[in-house]
Amino acid sequence: NITMMKRCKVALENSIVLSLEKRYPGLGVKDIINLVNLIRERSNLENHGLKKHEKYEASDISNEEIPFIDGEEETSQACTSFVRFDERDGKWRPILLTVGLMYKLQKVLDDPWYDVKDIFIQDKSTKMKLVDTFAWYWHYLFKIAWALVLYTKCDEDLIENLAETLNVDEKHILYSLMKDSEDIDNHSPDIMLIVHHERKEVVLTISGTKITPHPSAADIMLDLHAQSTYFHHGKAHEGMALACDTILQLLMGSLSDVLKKHPDYNLVILGYSLGAGVAQLVTLRLCDGPESERIPKTV
């Protein structure tokens, strides 16, 4: 019956938690699970139109025990960017909390280099500059992703969406590609090459595996071609290497021309998910491959 199933589920969950705590004693598994459950419960409340101040018996931990969730009005307002509910799609996004939990798990599982203080940047101003730079490009990637979601099978619409979302002139969008190829030999994830004159940057963005507004079969096949292949001076993921070759074939002309026209500009190569791996391979080739001969030395 249902009661017996619930008991079995609880027993199984407790067994898994005990096993994880025994293997990773410093991770705080119960706290993580409680936090995730609380976030899920709050999201469910919002989805059903309930107010945050309404009382409910949904979690073993109180609001006061969880930072950045409810609490005093001042704290809640100051931390809306840490735990945010988006009414447009009904999803709860505890971004920084999730990143923090991932970092803590990685710290436990990885090599002990995290404990060597000299590895990390000590200068505070340098750290803040890097954080600001990371934040700017992180939001840039999200804007690109949002423009792609609005894409409606028309190249003009894509250019218009990108220009409006990024607040740039359409003529500064040098190249954009969003397609689902029939084979992976000539396929790449969605790419955009955009000049930002106010920042003196040429930004190449390589998207991740496309899921919305509809999944890309070719992107998925790139992911699945995971065997190693010879690349540059070593080996790389075969699907990513193929995408790298395709991107360089498509863009080297435009990329070379704009950088020769603006030799004092920086070239920024961004990528997320599948695109992050491809971006690293593209960077290697542009820095140390045959394509580097077509890039001004000042870049």
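The values are calculated or read from the model by the stated rules, or taken from the named source; none is laboratory data. Quantities reported herein were computed from a predicted structural model and do not represent experimental measurements. Cβ coordinates were reconstructed from backbone atoms using ideal geometry, including for glycine residues, and neighbour counts include every protein chain displayed. For accessibility, only protein heavy atoms count, side chains too; no ligands or nucleic acids. Shrake-Rupley method; radii C 1.70, N 1.55, O 1.52, S 1.80 Å.
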Checklist entry - So how many residues does the range 114-145 have that are more than 25 Å from I191 (Cα to Cα) and either among the hydroxyl-bearing types (S, T, Y) or open to solvent by 100 Å² or more (accessible area, probe 1.4 Å) (or both)? => result 9
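Table: residues versus (1) under 15 Å from V203 (Cα atoms); (2) charged (D, E, K, R).
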{"site": "D245", "(1), (2)": "no, yes"}
{"site": "M252", "(1), (2)": "yes, no"}
{"site": "L274", "(1), (2)": "no, no"}
{"site": "V282", "(1), (2)": "yes, no"}
{"site": "G289", "(1), (2)": "no, no"}
{"site": "V299", "(1), (2)": "yes, no"}
Checklist entry - Of all residues in the range 146-165, how many are touching a strand residue (DSSP E or B) at 6+ places or on another chain (Cβ under 8 Å) and crowded, with 18+ Cβ neighbours inside 10 Å? => result 2
Checklist outcome for this item: Wholly inside the range 219-299, strands (runs of 3 or more DSSP E) that include 3 or more residues that are of a type outside the set (A, V, I, L, M, F, W, C) are 228-231, 234-237
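Here's the yes/no breakdown for (1) open to solvent by less than 50 Å² (accessible area, probe 1.4 Å); (2) over 19 Å from I159 (Cα atoms); (3) among the hydrophobic types (A, V, I, L, M, F, W, C); (4) at pLDDT below 90:
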residue	(1), (2), (3), (4)
I184	yes, yes, yes, yes
K210	yes, no, no, yes
A217	no, yes, yes, yes
L222	yes, yes, yes, yes
T229	yes, yes, no, no
Checklist entry - Looking at (1) open to solvent by less than 10 Å² (accessible area, probe 1.4 Å); (2) under 18 Å from L148 (Cβ atoms), can you tell me which one G239 breaks? => result (2)
Item to check | Filtered residue count, the range 173-205, keeping only those that are in a loop (DSSP other than H, G, I, E, B) and of a type in the set (S, T, N, Q) | outcome: 3
Checklist entry - Would you pick out the residues in the range 270-286 that are open to solvent by less than 40 Å² (accessible area, probe 1.4 Å) and under 20 Å from H196 (Cβ atoms)? => result L270, G271, G275, A279, V282, L286
Checklist entry - If a residue has to be free of Cβ contacts under 8 Å to residues at least 60 places away in the same chain and open to solvent by 10 Å² or more (accessible area, probe 1.4 Å) to count, how many in the range 253-263 make the cut? => result 5
Checklist entry - In the range 1-31, which residue that is surrounded by 10 or more Cβ atoms within 10 Å (Cβ to Cβ) and of a type in the set (D, E, K, R) is modelled with the highest pLDDT? => result R7
